[in-house]
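**Student:** First the structure, then my questions, so here it is.
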Amino acid sequence: MAKCRWLLKFCTKKYIVNFKYNMKKIFLIIVFCSSISFGQTLDTIRKIEIYYGYGAQCFPRDGIYAREERFVFNKCDNGDFELSAQQKRRHISKQNATVFSKDSSTTNLNKKCNSKILLDFIKSLNENKQNFSLAFLNSKIDKPSKHKIKMIARKMDKFYLLECYGFLDCEHRNKIIDSIQKFNHFDQFVSSMNLTNNQMILIGYYDMARITITSQNNITSYDFSFVNNVIGQPIIKSYNKKYLINYACVNLEANEKIRQLIPKSSMTYKAFDLKRITEGYISWYIEHLYSGIYEK
């Protein structure tokens, strides 16, 4: 009987703990969903920041080992937003990586923003469209030239796979290049990527962007990792610096909207270019050329 009472007490306690844990998860989901709703209007938003940076984190060589860029959008008195400033920072190593310094600069832009583009941008951060596909990218990426394909193969030290060593061999190589130019097996290329929230963490190097939206009641950030793929997808969302498990959305429209808001000369503008996916696809195709499931 005593054993049964102990078991009942244990189960009751465990139920309470699990109930509290599940309620906490439900609360986070409710907060998360409410944070999406504020993305439908600019009224509650006070500031938006777009950050991008890349570089080494340990044992850097002498010279510039990391670069960072930040764009700050502030709300004006009339409720409109303006691109207030562009901040740049370089991290410099000297004397065999024993002396470190930072070189920073700020440019005041005070450029009025298009409210519709800004609103569409915020919506795109919260909409999971799963549009990483050739159907979406077809009109946005260019057919790679034969020269570019061979140049990438040379960088990979696999130029011999595309080099001609006779008439019949040349015909075979041209079929491979033609297949790449037609973006064959693009769906398999996308499937090979990790587009979940469980992203790889690389020690010693970073290449990432973060969108931070500050509203009246919360701060929401959206991370893009360019280490995992060249266009930074998926978008990982955090609320008030609390990582939201199981939330990663794919929406390539966010890349396009970001580029509409910042100067074309910036490195952030180049980082979000969807055309970069072409090089990633070519490298993947060449790497898997003789894996048994691709055209030969």
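**Student:** Return the subset of Lys129/Lys270; Lys129/Lys182; Lys158/Lys257; Lys88/Lys150; Lys94/Lys155 for which the Cα-Cα distance in this structure is over 32 Å, preserving the input order.
**Tutor:** Too far apart for the 32 Å limit: Lys158/Lys257; Lys88/Lys150.
**Student:** Amide H neighbours of Phe226 under 5 Å, at least 5 residues apart or on other chains, H built in the peptide plane: list them.
**Tutor:** Asp207, Met208, Ala209
**Student:** If you don't mind, there's one more thing I want to ask. Using per-residue counts of other Cβ atoms within 10 Å, averaged over each peptide, order 264-273, 219-228 from highest down.
**Tutor:** Ranking the peptides 264-273, 219-228 by packing returns 219-228, 264-273.
**Student:** Computing the accessible area with a 1.4 Å probe over protein heavy atoms, can you report the carbon and sulfur percentage for region 125-271?
**Tutor:** Carbon plus sulfur share of accessible area: 52 percent.
**Student:** Here's a follow-up. What net charge do the residues around Ser104 carry, taking every other residue with its C-beta under 13 Å from that of Ser104, with Lys and Arg at +1 and Asp and Glu at -1?
**Tutor:** Cβ neighbours under 13 Å give a net charge of +3.
**Student:** For Ile219, list long-range residues whose amide hydrogen, built 1.01 Å from N in the peptide plane, is under 5 Å from its own amide hydrogen.
**Tutor:** Asn240
**Student:** Enumerate the calculated ³J(HN,Hα) couplings along region 208-213 in order (Karplus 6.51 cos²θ - 1.76 cosθ + 1.60, θ = phi - 60°), each rounded to whole Hz, writing x wherever the residue is Gly or Pro.
**Tutor:** For region 208-213, the Karplus-derived couplings read 8, 10, 9, 9, 10, 10 Hz, x marking Gly and Pro.
**Student:** Just the number, please: carbon plus sulfur as a percent of the accessible area of region 58-106, 1.4 Å probe, no ligands or DNA/RNA counted.
**Tutor:** 43
**Student:** Also, quick follow-up: Whenever you get a sec, line up Cys113, Cys58 from highest to lowest accessible area (probe 1.4 Å, protein heavy atoms).
**Tutor:** So, going from the largest accessible area down, we get Cys58, Cys113.
**Student:** Can you send over the solvent-accessible area of Arg46, 1.4 Å probe, protein chains only, in Å² to the nearest 10?
**Tutor:** Solvent-accessible area, nearest 10 Å²: 140 Å².
**Student:** Taking the Cβ of Ser283 as the center, what net charge do the other residues with Cβ under 13 Å away carry, scoring Lys and Arg +1 and Asp and Glu -1?
**Tutor:** +3
**Student:** Can I ask one more? If you roll a 1.4 Å probe over the heavy atoms of the protein chains, what accessible area per residue do you get for region 81-172, in Å²?
**Tutor:** That works out to 63 Å² per residue.
**Student:** Hey, another quick one. Along Cα→Cβ, 7 Å out, is where each label goes; now give me the distance between the ones at Cys170 and Ser191 in nm to one decimal.
**Tutor:** 3.6
**Student:** Just by accessible area at a 1.4 angstrom probe, what is the order of Arg210, Arg259 from largest to smallest?
**Tutor:** Arg210, Arg259
**Student:** Under a Cβ-Cβ cut-off of 12 Å, what is the net charge of the residues other than Asn251 that fall near it, where Lys and Arg count +1 and Asp and Glu count -1?
**Tutor:** With Lys, Arg at +1 and Asp, Glu at -1, the neighbours total 0.
**Student:** Long-range amide H contacts for Lys47: which residues qualify at under 5 Å (H placed 1.01 Å from N, peptide plane, sequence gap of 5 or more or a different chain)?
**Tutor:** Residues meeting the criterion, in which the H sits 1.01 Å from N, are Thr214.
**Student:** Accessible area, 1.4 Å probe, largest first: how do Leu109, Leu125 sort?
**Tutor:** Leu109, Leu125
The values are calculated or read from the model by the stated rules, or taken from the named source; none is laboratory data. The shown structure was predicted, so the numbers you read here are calculated from the model rather than taken from an experiment. No Cβ is skipped: glycine too gets one built from the backbone with ideal geometry, and neighbour counts run over all protein chains shown. Side chains included, ligands, DNA and RNA excluded: accessible areas come from the protein's heavy atoms. Shrake-Rupley method; radii C 1.70, N 1.55, O 1.52, S 1.80 Å.
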